[in-house]
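Here is the structure we will look at, set down as structure tokens.
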Amino acid sequence: MSESDSGPRRLRINRDLEIPLAEVTLRTSRSSGPGGQHANVTASRVEAVFDAAASPSLNDAQRARVLAREGSRVVAVAQDERSQARNRELALERLSRRLRDALFVARPRRATRPTAASRERRLSAKRRHSVRKRERRPPSDS
């Protein structure tokens, strides 16, 4: 997250993309699990929802990539901490990570040929294996 003096708060996804927090819906609810009396009265669970299909911050290529990998709504939940504020930070970090992973474009693999040394290692291993198997056979009668 970054906060500038002049503009609204934004969620940093990667080097090239920041999303205004206005596009992220934050919902709170009671956290599940143990916690005693504190858990019964505190809405510390935070759910961050980003509507990728309706977001003006994504260009068409980014939107298509996110929709294909995550669907139209990207959701991140945090209920790890007792503090709602800390869970809010965690949920936004997780949302950012999910969007970053969805937008990641893997470099295409460049086909390479095996080196002469690797080919020789493979063939010599095959020969050793063949000899080992041959030596395990019972002796022939002739």
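In the elastic network of the chain, a GNM with C-alpha springs shorter than 10 Å, the most mobile of N59, N87, N14 is N59. The mean sequence distance of close C-alpha pairs (under 8 Å, at least 6 residues apart), as a share of the length of the chain, puts its relative contact order at 18 percent. Summing Lys and Arg as +1 and Asp and Glu as -1 over all other residues whose Cβ lies under 11 Å from the Cβ of S55 gives a net charge of 0. Expressed as a whole percent, the proportion of Cα-Cα pairs in region 10-103 lying more than 18 Å apart is 45%. The HN-Hα couplings worked out from phi for region 97-106 by the Karplus form 6.51 cos²θ - 1.76 cosθ + 1.60 (θ = phi - 60°) are 5, 5, 5, 4, 5, 5, 8, 5, 10, 6 Hz, whole numbers, x standing for Gly and Pro. Dipole size of the chain about its Cα centre, with +1 on Lys/Arg Cβ and -1 on Asp/Glu Cβ: approximately 1700 debye, rounded to the nearest 20.
Per residue of the chain, the DSSP helices (runs of n ≥ 4 H) give a summed -39500 (n - 2.57) that works out to -13500 deg cm²/dmol at 222 nm.
No value in this document is a laboratory result; all are computed from the given coordinates. No experiment lies behind these values; they were computed from the predicted model shown. Every residue, glycine as well, gets a Cβ built from its backbone with ideal geometry; the counts of neighbours run over all protein chains shown.
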